[in-house]
Amino acid sequence: MVERLNAWLREDPFRLPRAFFIGASWLLLLSLLFPYWRMTLQAPQYPGGLRVDVYVTHLAGDVNEVDNLNHYIGMKKLHEAAQVERFLAPLAIGAAALLGEALAFTRRRWAAVLSLPAMLFPIIFLADMYYWLYRYGHDLDPNAPLRLPPFTPPLIGVGVVGQFRTVAELQIGFWMALMASILIALGLHFRRAVRTALERHQALRIGPLILVPEGARA
């Protein structure tokens, strides 16, 4: 099995990085089907907790129940957040996946820039989530029944809001996007290594060029 794999790679050394790029593109596309982030509210009156799952395209879970509770502290409805991002997310992920596919079949050095959208997507998601968490916790209705000081719900980990314990966790969709970034980084590394090895091998085959003046020839 190992010998067959080595023979397969010797036929085309760029097959391994190409497989990384294609795999990353599919992982990123499939991440659309899974939640990226989860918030769970825990309190004595809710033994099972209230859960909200954040996909890049929509929200799921106990959204209405959480909205009803947030109303008492003057927080906006959850579906009003990141509407532009949720609309653009499928287009952005689709474009990033296509660029990853293009990267798999392009060997030019400048083509590495095609990897940037997919590699940066997990970071952009986290930054955007933090922005909305901060904004929702600081833009509270001053006329709400309950007055709380401004706060930022946790992006990752545990926090306390009023009588609720809040648990925030990254979910499988995010880890799939992060794995796509890692695969692209590995693909770029191995492609650079293959290119360097081929250039060195070609230089050894050509050898040094010795120029002899015309008059010095026998």
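Some notes on this structure:
- Residue within segment 41-52 that is assigned to a helix (DSSP H, G or I) and aliphatic (A, V, I, L, M) present: no
- Any hit, segment 33-55, residues being in contact with a helix residue (DSSP H, G or I) (Cβ under 8 Å, 6 or more places away or on another chain) and over 22 Å from P153 (Cβ atoms): yes
- Scan segment 130-171 for residues that are surrounded by 12 or more Cβ atoms within 10 Å (Cβ to Cβ), part of a loop (DSSP other than H, G, I, E, B) and among the hydrophobic types (A, V, I, L, M, F, W, C) and the total you get is 6.
- Residue pairs whose Cβ atoms lie under 6 Å apart, sitting 6 or more positions apart in sequence or on different chains, and linking a residue in segment 177-205 that is of a type in the set (A, V, I, L, M, F, W, C) to a partner that is surrounded by 12 or more Cβ atoms within 10 Å (Cβ to Cβ) and at pLDDT below 80, are V194/P13.
- If you filter segment 62-82 down to residues that are assigned to a helix (DSSP H, G or I) and either among the acidic types (D, E) or within 19 Å of the chain's Cα centre (by Cα) (or both), you find that the one that is surrounded by the most Cβ atoms within 10 Å (Cβ to Cβ) is D67.
- Counted residues, segment 21-37 - those being more than 24 Å from M129 (Cα to Cα) and surrounded by fewer than 24 Cβ atoms within 10 Å (Cβ to Cβ): 2
- Set side by side, the residues L209, L198 differ, and just one is part of a loop (DSSP other than H, G, I, E, B), at pLDDT below 95 and of a type outside the set (S, T, Y), which is L209.
The values are calculated or read from the model by the stated rules, or taken from the named source; none is laboratory data. Worth saying up front: this structure is predicted, and the values here are computed from it rather than measured. With ideal geometry, Cβ positions are generated from the backbone for all residues, glycine too; neighbour counts draw on all protein chains shown.
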